[in-house]
Amino acid sequence: MSVFTIGCHLSSAKGYLKMAQDAASIDGNTFQFFTRNPRGGKAKAIDPADVAAFHEFAAAHGITTFLAHAPYTMNPAAAKPETRQFAIELLTDDLMRMENTPGQLYNMHPGCHVDQGAETGIALIADALNQVLAPEQSTTLLLETMAGKGTEVGGRFEELAAIIDAVELDEKVGVCLDTCHVWDGGYDIAGDLDGVLEEFDRVIGLDRLRAIHLNDSKNPLGAHKDRHAPIGEGCIGFDALAAVTNHPALRDLPFFLETPQDDLSGWGREIAALRAAHVE
C-alpha cells in the first residue's frame, strides 16, 4: 500500500525539528520551507544538534522527504551579470547546505529572461545549473512549472525540457509541478488531467516529476497570473485537486500545500479533507 505524502510550507525560523513537529501536528508527513529569506540574503547557520534531533523525530513519525525552496527573487536568467552571479553563489551555498540532510529535494523557480527572449533565458539557466551541480551531491534540484507571468521561463513544458537537455548532470535535475501555475499557464488539469500528463510525459518525461505543489487558483484557465487560492476555493476546485493526488502517475509523489492560510490549522483542515478523499 502506498503512503499518501502531504504537507505544507512552513517557517524555518526555529529549525528542522520544529518544522517536523509542526508538520506532524496537522497530520502531515512532509513539509517545505525557504532555505533563507525568500527575498534572498544570508542563510541562518545549520545546527548539527537540531539536524540530529530532526532525523530522530522524522524517523519516528514517517517523515522521509522534504522540499527546500530557493528564494523566489533569485534570477539566473537575468540580463545583469551581477544578478546572475548572485544566483549562482546562492545556489552553490544552498546545495552545499542541503548535504547536511542528504537525499532531499531542492526546488527553484527557473528565472525571468527580462526581455532577452526565452531562448537566451533557457541558455543562461542551464549555464548556471552547469556551474552549481556536482557529481557527488545527493540532492535532486527541481525546476518548477511556472504560470508564464511576464518574462518567466518555465510556463511551457518545452522550456523546462530545453533547460534539462542543456544540463550536463541532468540526473541531478527533476521537475516540481505546481497545479496553480500549470492551470494559469493554460494546462487544463481540471478538465483533462490525463491529457496534460500525457503531454508532460511526451515533452519532459514523467520520470522527471518528483514533487507536486498542490494549490488552487484565483484565476481562470490560462490567465498567466499565479495567484494561489485555498484548496476548493478557487477555479480548479476540490474534486480536480483530489483527483491529482489520486492519479496513478502522481499518487506516490510528495504533495506540498502553498495555499493562503492564517495558521497551521488551515493547512490541517486541507490535509484532513484531502486525506479523506484519498483512495487507498
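Please treat every number below as a calculation from the coordinates, not as lab data. Predicted, not measured: the structure shown is a model, and the values here were computed from it. In this analysis, Cβ positions are derived from the backbone assuming ideal geometry, glycine residues included, and neighbour counts consider all displayed protein chains.
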| request: Only helical DSSP H runs with n ≥ 4 go in: add -39500 (n - 2.57) per run for the chain, normalise by residue count and round the 222 nm mean residue ellipticity to 500 deg cm²/dmol. | output: -11500 deg cm²/dmol
| field | Whole-Hz ³J(HN,Hα) from phi, Karplus 6.51 cos²θ - 1.76 cosθ + 1.60, for the range 27-38, glycine and proline x | value | 6, x, 10, 7, 6, 10, 7, 7, 5, 7, 3, x
| query | Taking the DSSP beta bridges in the range 6-276 as the whole, what percent of them are antiparallel, to the nearest 5? | reply | 10
| query | For the pair Asp239 and Asn37, how long in nm is the line joining their label points, each one 7 Å along Cα→Cβ? | reply | 4.6
| remark: Ranked output for segments 141-148, 125-132 by mean other Cβ atoms within 10 Å, highest leading, reads 141-148, 125-132
| Net length gained if the chain between Arg202 and Gln85 were fully extended (0.36 nm per residue, minus Cα distance) | 38.8 nm
| Do any of Lys14/Lys42; Lys149/Lys218; Lys18/Lys42; Lys18/Lys44; Lys42/Lys80; Lys14/Lys225 go past 25 Å between their Cα atoms, and which? | Lys14/Lys225
| note | Percent antiparallel among DSSP beta bridges confined to the range 88-205, nearest 5, equals 10
| field | Zone residues, the range 81-100, relative to His55, backbone N less than 16 Å from point 7 Å out along Cα-to-Cβ | value | 97-100
| message | Need the full-extension length gain, Asp170 to Ala277, defined as separation in residues times 0.36 nm minus the C-alpha distance. One decimal, nm. | response | 35.0 nm
| Gyration tensor (alpha-carbon) shape descriptor, the chain, a/c threshold 1.5 | oblate
| remark: Subtracting the Cα-Cα distance of Lys149 and Asp93 from 0.36 nm times their residue separation yields 17.4 nm
